[in-house]
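Every number in this text was worked out from the coordinates using simple rules, so none of it is lab data. None of the values given here were measured: they were computed from a predicted structure. Quick reminder, even Gly has a Cβ in these numbers, built from the backbone with ideal geometry, and neighbours come from all protein chains shown.
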Amino acid sequence: MAQKSQMTGATSAKDRVSQPLIIKIGKKLRNSANRISSSQSLIPTTPLQQPDIFDWTDRLKDSWADIAREASEILDHRDAVPPLKDISPDHARIAGDGNWKSFFLVGYGYDVPGNCARAPKTAALVKTIPDLNSAFFSILEPGAVIPRHRGVTRGLVTCHLGLDIPTPRENCWMQVNEDTVHWENGKWLIFDDSYFHEVANETDQTRVILLVQVKRPMRLLGKVANDLALWGIRQSPFVQSARRNLDHWEEAFKQAENNQAA
């Protein structure tokens, strides 16, 4: 218990004071920023996108079985894979009671070296993706629900590659805007998470996907504005405290590996 408290309490007092102000400012700016992203976008701004909208998706799809194997090996130590709420406390409202776990390889442009070494094939593949923002194994436990919410910015596009999808797959779903979709092993779901969306795993099995976020392709003005906004997010207390929390969980994962070896 002491170790868990240390992990989840890595947000500094300064961060806790500044986060409400940042949230307030961010909400005021979000709609304006999204309008710029929409007007400058080089791809459709619909809630759902076709998988072939990016040329790199086929490359990862062709290797999905290798990616799934590495994810499965990570789950051998599932208790040492952190709940999203413990990495990023600002996600606590949607992250539930710890049944949504995230194994980060890259987060807001920052590599997680220990995790990349544990999934080398996947890490090498995601690092070939142009304009990569984040990449991680997203693990949804049986019965988990992610309530209706929307992402920070339309300047990012979210891509899900199915790795281990429960059956019947109709009982594991995501609603994006007005559309309900289902994951499939080895196939992509690509969407704009600035639209409201929600997720439920109404099965007794674990859902595992590779979640990739990339910058939205835009004309010059939109690209400059988006790069500035993402730079600000990258420097924010949210991201910096998450990096510190990941360092704590790295020690927990090493301990789990050592216990298995012993």
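The table that follows gives values for the structure above.
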item: Cut-off 12 Å between beta-carbons: net charge of the residues surrounding Asn171, Lys and Arg +1, Asp and Glu -1; result: -1
item: Options Ala119, Asn258, Val212, ranked by Cα towards positive dipole end of the chain, top entry (Cβ charges); result: Val212
item: Within-12-Å neighbourhood charge of Asn259 [Cβ basis; K, R +1; D, E -1]; result: -2
item: In nm, spacing of pseudo-spin labels at Thr128 and Trp56 (7 Å Cα→C-beta vector); result: 1.0 nm
item: Inter-label distance for Glu170 and Glu257, nm, one decimal - labels placed 7 Å from Cα along Cα-to-Cβ; result: 4.3 nm
item: Cross-link pairs beyond the 27 Å C-alpha cut-off, checked among Lys121/Lys223; Lys85/Lys223; Lys187/Lys254; Lys127/Lys187; Lys61/Lys254; result: Lys121/Lys223; Lys85/Lys223; Lys187/Lys254; Lys61/Lys254
item: Surrounding net charge for Asn226, when Lys and Arg each add one and Asp and Glu each subtract one, Cβ distance under 11 Å; result: +3
item: Difference of contour (0.36 nm per residue) and Cα-Cα distance, Asp179 to Arg244; result: 19.7 nm
item: Candidate values (1) 57, 44, 33; (2) 51, 45, 36; (3) 76, 49, 45, label of the one derived for Cα extents along the principal axes in Å; result: (1)
item: Theoretical ellipticity at 222 nm over the chain - DSSP helices of four or more residues, -39500 (n - 2.57) apiece, nearest 500; result: -13500 deg cm²/dmol
item: Gain on full stretching of the segment that runs from Ser63 to Leu220 - 0.36 nm per residue minus C-alpha separation; result: 53.2 nm
item: Computed label-point distance, nm, for sites Ser38 and Leu228 using a 7 Å Cα→Cβ extension; result: 2.1 nm
